[in-house]
1. Taking the Cα centre of the range 18-74 as the origin, how large is its charge dipole in debye, to the nearest 20, when only Lys and Arg (+1) and Asp and Glu (-1) carry charge on their Cβ atoms?
2. Given labels modelled 7 Å from the Cα in the Cβ direction, how far is it in nm from LYS72 to SER29?
3. Mind ranking ASP14, ASP24, ASP94, ASP110 by accessible surface for me, highest first, 1.4 Å probe?
4. With the crude spin-label approximation of a point 7 Å out along Cα→Cβ, what separation in nm comes out for ALA46 versus TRP87?
Amino acid sequence: MSRHPEVKWAQRLDKVYLTVLLPDANNVSANLEPDGVFVFSATAGAENHLFELKLDLFGKVNVEESKINIGKRNIFCVVVKEEKGWWKKLLRGDDRTPHYLKVDWDKWVDEDEDDAAGPGDLDLGGMDFSKFGGMGDDLDDSDDEEAEKTEAKPAEAKNEEAAPAT
């Protein structure tokens, strides 16, 4: 009798990330078909239990651009969607989501946040962080009035910059 490995998933506009969590997997077989069928099997554990999985993904995929990486702790798949767009769910059909399928919150991005920008391309709303350097340095209790002036300027600038335009 085969078992199901735990699978985590997340998606972007153009791809789906699948991570099969199966440490020390042996005899790994992973196959992706253009119509969106992902088939996986491996043995693992002290007794070499058989783990099998078949996922009918929501949409068609580009097999040539997709990648599967077999590691010691997990099998990581980057499944490239044939057409860019958000899938309303991972699997096609109206069945309940299987208990072994979980959202990968570490890789999850909401649809409205998904753009090509990486962490280095964050929009900071025009804030100039050079004004904040040294804020609070060399302050002592006898200079309370000066400390308030120093702290008020950046806070006011921050609030003005962050205020929505009406």
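1. Working: 5 positive and 8 negative charges, 41 e Å.
I would put it at about 200 debye.
2. In this crude spin-label approximation the distance works out to 2.7 nm.
3. Highest to lowest solvent-accessible surface, that is ASP94, ASP24, ASP110, ASP14.
4. 3.7 nm
The values are calculated or read from the model by the stated rules, or taken from the named source; none is laboratory data. In this text the structure is predicted, and so the values were computed from the model without any measurement. Every residue, glycine among them, receives a Cβ derived from its backbone with ideal geometry; neighbour counts consider all protein chains shown. Each accessible area value is taken on the protein alone, full model and side chains, heavy atoms only, with ligands, DNA and RNA left out. Shrake-Rupley method; radii C 1.70, N 1.55, O 1.52, S 1.80 Å.
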